[in-house]
Each structure stands twice: as C-alpha cells, then as structure tokens.
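Coordinate-derived values only; no laboratory data. Since the model is a prediction, treat every value here as computed from it, not as a measurement. Cβ sites come from the backbone with ideal geometry, for glycine too, and all protein chains shown count toward neighbours.
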Amino acid sequence: MVGRAAPLPFPLLQEGASMEDEKLVISSLIVEAHPEAVPAVTEALAALEGVEVHEVNGYKIVVTIEAPSTGASHEVSSRMVAIPGVLNVNLVYVNFEDETLG
C-alpha cells in the first residue's frame, strides 16, 4: 500500500490567495513505472498535491502538475522520482501563465 505524500515545504497557493491571484505553471509529464508497480505508482502520483493523473497506458502514466512557480513544479516532480517503482519522469510540455486567471 502506498502512503500519503508528505506535505510540500511551501504552499501551492500563498496564504489568503485564490487561484485567480496566482501565476500558474502547468507541466505535462510521462512517468514510466515497473509494470507490476503501475497501480501503486498511479495511486502515489494522484496523492501528490497539484498532480492530476490523466491516463495510464501500459507502464506509462500521463500526469500534469499545476504549481505557482517552476521551483514548485520541480519540487513536485522530484517527489515523483522518489516513488518506489518509478523508472523515469519525462517532461513533455510546460506552460507559463503570466496573467491572472479569470
């Protein structure tokens, strides 16, 4: 069984802010896992703050990270690498939102 991910050392939103107030970095990644570990890796990825699992195709898991900065996004992807059963984490696309959402 996969345990709950530790909280990030920084908030994904600043205290008192809403998503409309924040800049946003959206990253798309493909996580490759040992075939027998795919269910546990998928569960662990989904438990990470700011991560959404979009598709599982064999040993490849398509995810996105939504974070307020590239540093925050990198921290989340570093946590992915540490999940038991993960072979590779490959960045596919990054989008930087410079204007407020709304």
| said: Rounded, prolate or oblate, given the Cα gyration tensor of the range 30-87, with a/c below 1.5 counting as rounded? | reply: prolate
| Counting Lys and Arg as +1 and Asp and Glu as -1, each charge on the Cβ, what is the dipole of the range 30-87 about the Cα centre in debye, to the nearest 20? | 120
| query | In percent, how large is the relative contact order of the range 30-87, given Cα pairs closer than 8 Å and 6 or more residues apart? | reply | 43
| said: Which of Thr64, Thr70 has the fewest other C-beta atoms within 10 Å, and how do the rest follow up to the most? | reply: Thr70, Thr64
